[in-house]
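J.: Let me give you the structure first, and then I'll get to my questions.
The values are calculated or read from the model by the stated rules, or taken from the named source; none is laboratory data. Here the structure is a predicted model, which is why all the values come from computation and not from measurement. Glycine gets a Cβ as well: all are built from the backbone with ideal geometry, and neighbour counts include every protein chain shown.
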Amino acid sequence: MRATFVAAEVGNGLRRNLTMTVAVIITVAVSLSLFGAALLVRSQVSTMKDFWYDKVEVSIFLCSKGSDTPSCAGGAVTDAQRDQIRTDLESLRPLVEEIYYESKQEAYDRFKEQFKNSPIVDNVTANALPESFRVKLSDPTKYDVVASAFAGRPGIEQVNDQRQILDKFFRLLGGLQLIALLIALVMLIVTVLLIVNTMRVAAFSRRRETSIMRLVGASNFYIQLPFLLEAALAAALGAILAIGSLVVMKVVLIDQVLAPSFQFTAFVGWDAVAAIAPIVFITGVGLASIAAFFTLRKYLRV
Amino acid sequence: MILFDHVTKQYATQNRPALEDVSLEIEKGEFIFLVGPSGSGKSTFLRLVLREERANSGTVWVLGKELNRLSNWKIPALRRQIGTVFQDFRLLPNKTVSENVAFALEVIGKPSSHIKKVVPEVLEVVGLEGKEGRRPDELSGGEQQRVAIARAFVNRPMLLIADEPTGNLDPGTSIGIMKLLDRINKLGTTVVMSTHDSQIVDQMRRRVIELEKGHVVRDQSRGVYGYAR
């Protein structure tokens, strides 16, 4: 095995087939960028789930004077009802982790804080807002237990699960991720086809060399290695570009655009990018090598 | 060295077998002329020896190996012991004389110290000293064939296969090439050469095997080209 000879062959091959090499690098870069973006969205979803499921509460809104749901037929919630609800909530521990009572005044203060720049605040008084129990569950998926125990009880206007609102959002992100993955898959197929074709052209344009190599008794490994390394090298360059584009996505799109605009939620950190980068790299180089290997087996027979 | 025992080779695309029930033996150190019209099976014979094709029936022994049973990964080792020369030289146009010969050694992983030593030696044997740095298009046909012979001989093979090596050369140049092949033969390498050149065969007076339509029609030591007709 002579490394310098193989390296020189690889360099020659890449240069001689420059346009195809560039095409391979670009398609690998684009398809792996999409693939990496899809993975990034997935880890974004899981980051957000961690962040939000920790914070979501079940809200039990109590009846106010003007409530018109049937369970509020008796008018505003009475002190006895309120105490009974609290006792019942306490009995649901340890599923119920925290219970927090929010009075009308507290609801109003929070409302004012949330909408402090909006004229809507001027039209709302503390009386218009319902008092509520905010319940945090140890397992947010067991919302049904709370809902079935309290929904429709006299004095309770409504039981709300914030998780249901989030789930809609996560489903949207999941859909985006699926679309990105599908496009990435199609692009990866295109990439594989392009590599197969590139290898075919390369094998054909160097048929003189390879036929002489076969004749003088070069092993298959030695004949195919320069081609394989060329494919792997082009794919590695493409993968590095793709990782670069992931870094740009993180710096520009996430850190500079999304994070300042949506401060209420968490975004993926550099650890996610660091975890995705090797997957992207190995996928690119591995796929290219496998595609090249099987093509060469067909076109560079002993 | 080479033993064909009732060998038949039938290509899938042709009606008549290229070789049919061919049996012959070639001893170590012999110089063989393989003659016969186009399509008589000369090239198929050589391709079977190089294991570029497999026989459909019969057994082919080359250098002590039964080729039908030789597994694919052992073929390179077989070919390293066989030098090959063709009518069209098959040199790499973008490499110099030295590089063309060295290429054959590089691709079988020989160390560069070995290559630096043996390439000038073999170029001297074939009479190309002083032309090491030329490219094939700066050489005459005879010189190009000498490069090809140097490449085939640089590993000191047991067997040299020459498929019409003088087919593209004028008579004067051909004699030079034949002298070179004769010299290589005298150095101990068995030479099997297919040819259409009656003059050369008549002059050399070596063993002649004549093929016609896939059959051996003549096998004669110290033969001439057209004796059987």
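J.: Would you check if A:SER64 is more than 14 Å from every other protein chain (Cβ to nearest Cβ), more than 18 Å from the chain's Cα centre (by Cα) and either part of a loop (DSSP other than H, G, I, E, B) or under 25 Å from A:ALA272 (Cβ atoms) (or both)?
T.: yes
J.: What is the number of the single condition among (1) surrounded by fewer than 22 Cβ atoms within 10 Å (Cβ to Cβ); (2) within 14 Å of chain B (Cβ to nearest Cβ); (3) over 38 Å from the mean Cα position of the chain (by Cα) that A:LEU225 does not meet?
T.: Every listed condition holds for A:LEU225 apart from (3).
J.: Taking region A:15-39 on its own, how many of its residues are outside any helix (DSSP H, G or I) and either outside the structural domain of A:ILE243 (by TED's automatic domain parsing) or over 22 Å from A:ALA292 (Cβ atoms) (or both)?
T.: The qualifying residues number 0.
J.: Shifting gears a bit: Any residue at all in region A:157-174 that is touching a residue at least 12 places away in the same chain (Cβ under 8 Å), in contact with a Cys (Cβ under 9 Å, 6 or more places away or on another chain), more than 14 Å from every other protein chain (Cβ to nearest Cβ) and more than 30 Å from A:ALA242 (Cα to Cα)?
T.: Within region A:157-174 (the criterion being touching a residue at least 12 places away in the same chain (Cβ under 8 Å), in contact with a Cys (Cβ under 9 Å, 6 or more places away or on another chain), more than 14 Å from every other protein chain (Cβ to nearest Cβ) and more than 30 Å from A:ALA242 (Cα to Cα)), the answer is yes, since at least one residue qualifies.
J.: Considering only region B:12-38, state which residues are under 17 Å from B:GLN220 (Cα atoms) and acidic (Asp, Glu).
T.: Passing the criteria: B:GLU25, B:GLU27, B:GLU30.
Matching residues to (1) of a type outside the set (Val, Ile, Thr); (2) within 20 Å of the chain's Cα centre (by Cα); (3) crowded, with 16+ Cβ neighbours inside 10 Å:
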residue: B:ILE32; (1), (2), (3): no, yes, yes
residue: B:GLY39; (1), (2), (3): yes, yes, no
residue: B:LEU46; (1), (2), (3): yes, yes, yes
residue: B:LEU67; (1), (2), (3): yes, yes, yes
residue: B:ILE108; (1), (2), (3): no, yes, yes
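J.: I would also like to ask the following. Could you go through region A:276-287 and let me know if any residue there is at pLDDT 90 or above, in the same structural domain as A:ARG42 (by TED's automatic domain parsing) and either of a type in the set (Ser, Thr, Tyr) or within 30 Å of B:LEU159 (Cβ to Cβ) (or both).
T.: The answer is yes; a qualifying residue exists.
J.: A further question follows. Can you pull out the residues in region B:205-229 that are outside any loop (DSSP other than H, G, I, E, B) and surrounded by 19 or more Cβ atoms within 10 Å (Cβ to Cβ)?
T.: B:VAL208, B:ILE209, B:GLU210, B:LEU211, B:VAL216 - these are the residues of region B:205-229 that are outside any loop (DSSP other than H, G, I, E, B) and surrounded by 19 or more Cβ atoms within 10 Å (Cβ to Cβ).
J.: Among what's in region A:242-269 and is assigned to a helix (DSSP H, G or I) and in contact with a helix residue (DSSP H, G or I) (Cβ under 7 Å, 6 or more places away or on another chain), pick the residue that is surrounded by the most Cβ atoms within 10 Å (Cβ to Cβ).
T.: A:ALA242
J.: Additional query: Of all residues in region A:69-85, which are surrounded by 14 or more Cβ atoms within 10 Å (Cβ to Cβ) and assigned to a helix (DSSP H, G or I)?
T.: A:SER71, A:CYS72, A:GLN81, A:ARG82, A:GLN84, A:ILE85
J.: Has region B:69-76 got at least one residue that is within 14 Å of chain A (Cβ to nearest Cβ), over 20 Å from B:ASN155 (Cβ atoms) and either within 17 Å of the chain's Cα centre (by Cα) or surrounded by fewer than 17 Cβ atoms within 10 Å (Cβ to Cβ) (or both)?
T.: yes
J.: Hey, among the residues in region A:196-218 that are β-branched (Val, Ile, Thr) and under 21 Å from A:LEU233 (Cβ atoms), which one's surrounded by the most Cβ atoms within 10 Å (Cβ to Cβ)?
T.: Step by step, filter region A:196-218, then rank; the result is A:THR198.
J.: Note down all Cβ pairs under 8 Å where the first residue falls in region A:188-210 and is closer than 21 Å to B:LEU91 by Cα, the second is of a type in the set (Ser, Thr, Tyr) and in a helix (DSSP H, G or I), and they're at least six residues apart or on different chains.
T.: A:ALA203/A:THR210; A:ALA203/A:THR295; A:ALA203/A:TYR299; A:PHE204/A:TYR299
J.: Out of A:ARG110, A:ARG42, which single residue is surrounded by 16 or more Cβ atoms within 10 Å (Cβ to Cβ), part of a helix (DSSP H, G or I) and among the basic types (Lys, Arg)?
T.: Sole residue among the options that is surrounded by 16 or more Cβ atoms within 10 Å (Cβ to Cβ), part of a helix (DSSP H, G or I) and among the basic types (Lys, Arg): A:ARG42.
J.: How many of the residues making up region B:93-138 are closer than 24 Å to B:ASP182 by Cα, within 14 Å of another protein chain (Cβ to nearest Cβ) and among the aliphatic types (A, V, I, L, M)?
T.: 7
J.: Further question: For region A:180-198, state whether one or more residues are part of a helix (DSSP H, G or I), in contact with a Lys or Arg (Cβ under 9 Å, 6 or more places away or on another chain) and under 30 Å from B:VAL85 (Cβ atoms).
T.: No: region A:180-198 contains no residue that is part of a helix (DSSP H, G or I), in contact with a Lys or Arg (Cβ under 9 Å, 6 or more places away or on another chain) and under 30 Å from B:VAL85 (Cβ atoms).
J.: Across region B:55-72, what is the number of residues that are free of Cβ contacts under 8 Å to residues at least 24 places away in the same chain and not hydrophobic (A, V, I, L, M, F, W, C)?
T.: 7
J.: Residues B:VAL147, B:VAL192: which one is closer than 20 Å to A:ILE212 by Cβ and part of a strand (DSSP E or B)?
T.: On inspection, the qualifying residue turns out to be B:VAL192.
J.: Right, next: Answer yes or no as to whether B:GLY167 is under 27 Å from B:ILE108 (Cα atoms) and part of a loop (DSSP other than H, G, I, E, B).
T.: Answer is no for this residue.
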